[in-house]
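**Student:** Take this structure first; my questions come after.
The values are calculated or read from the model by the stated rules, or taken from the named source; none is laboratory data. Model, not experiment: these values are computed from the prediction. With ideal geometry, Cβ positions are generated from the backbone for all residues, glycine too; neighbour counts draw on all protein chains shown. The protein model used for the area step is the full one, side chains on, heavy atoms only, and it has no ligands, DNA or RNA in it. Shrake-Rupley method; radii C 1.70, N 1.55, O 1.52, S 1.80 Å.
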Amino acid sequence: MPSELETAMESLILVFHRYASREGRYGTLNRRELRELMENELSNFLRSQQDPAAVDRIMKDLDTNSDGQVDFEEFVSLVVGLSIACERCYQLRMKNATKK
Ligand SMILES: [Ca+2]
């Protein structure tokens, strides 16, 4: 049976490919697929991103090889960045919780 972490990694791959296989080039996210993934799968973490230009900015940041597509490697950097930010919030919350 896969461990908790292995299951999380598998989910990452499955979610990426669920959106990446919708249209256009197989195995990469175009702008619309990235927007749909962010809206459906990151709605809690990116709630403040109501700015329509945000997807363009994130797409540009992620697309390190500038081919107009976000491949799995590029996508993972988004997940890593968000995870690091969330872990900082988690640490703060733990610190505040122990103060009380
Ligand atoms: Ca790319």
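**Student:** If you line up the long axis of helix 31-41 against the longest principal axis of the chain, both from Cα atoms, how many degrees apart are they, to the nearest 10?
**Tutor:** 30
**Student:** Any chance you could look up the accessible area of Ser77 with a 1.4 Å probe, heavy atoms only, rounded to 10 Å²?
**Tutor:** About 60 Å², ignoring ligands and nucleic acids.
**Student:** What are the ³J(HN,Hα) values, in whole Hz, obtained from phi via the Karplus relation 6.51 cos²θ - 1.76 cosθ + 1.60 with θ = phi - 60°, for each residue of the stretch 7-20 in sequence order, with x given for Gly and Pro?
**Tutor:** Per residue, the Karplus-derived 3J(HN,Hα) values read 5, 4, 5, 5, 4, 4, 5, 5, 5, 4, 6, 4, 8, 5 Hz.
**Student:** Taking only DSSP H segments of four or more residues, each worth -39500 (n - 2.57), what value at 222 nm results for the chain once the sum is divided by all its residues, to the nearest 500 deg cm²/dmol?
**Tutor:** Mean residue ellipticity at 222 nm (helix-derived): -22000 deg cm²/dmol.
**Student:** Right, another one. Find, among the chymotrypsin sites (Phe, Trp or Tyr not before Pro) in the stretch 14-100, those assigned to loop by DSSP (not H, G, I, E, B) with at most 10 other beta-carbon atoms within 10 angstrom.
**Tutor:** Tyr26
**Student:** Before I look further, what does the stretch 4-99 give for accessible area per residue, probe 1.4 Å, in whole square angstrom?
**Tutor:** 71
**Student:** Taking amide H atoms as placed 1.01 Å from N in the peptide plane, list the residues 5 or more away in sequence, or in a different chain, whose amide H sits under 5 Å from that of Leu29.
**Tutor:** For Leu29, the qualifying residues are Val70, Asp71.
**Student:** Give a residue-ordered list of calculated ³J(HN,Hα) values for the stretch 67-75 (Karplus: 6.51 cos²θ - 1.76 cosθ + 1.60, θ = phi - 60°; whole Hz; x for Gly, Pro).
**Tutor:** So the Karplus estimates, Gly and Pro as x, are 9, x, 10, 10, 8, 4, 4, 5, 5 Hz.
**Student:** Turning to a different aspect of this structure: For the chain, just the Cα set please: Rg and Dmax, both in angstrom.
**Tutor:** Gyration radius and largest Cα-Cα distance of the chain: 15.4, 53 Å.
**Student:** Of the options Pro2, Ala85, Met59, report the single residue whose Cα projects farthest towards the positive end of the charge dipole of the chain (beta-carbon charges: Lys, Arg +1; Asp, Glu -1).
**Tutor:** Result: Ala85, furthest along the dipole toward the positive end.
**Student:** Ignoring ligands, DNA and RNA, please state the percent of accessible area on the chain from carbon and sulfur, probe 1.4 Å.
**Tutor:** Carbon with sulfur: 55 percent of the solvent-accessible area.
**Student:** Run through the stretch 1-65 and list the GluC sites (Glu not before Pro) located in a DSSP loop whose Cβ has at most 15 other Cβ atoms within 10 Å.
**Tutor:** Filter output for the stretch 1-65: Glu23.
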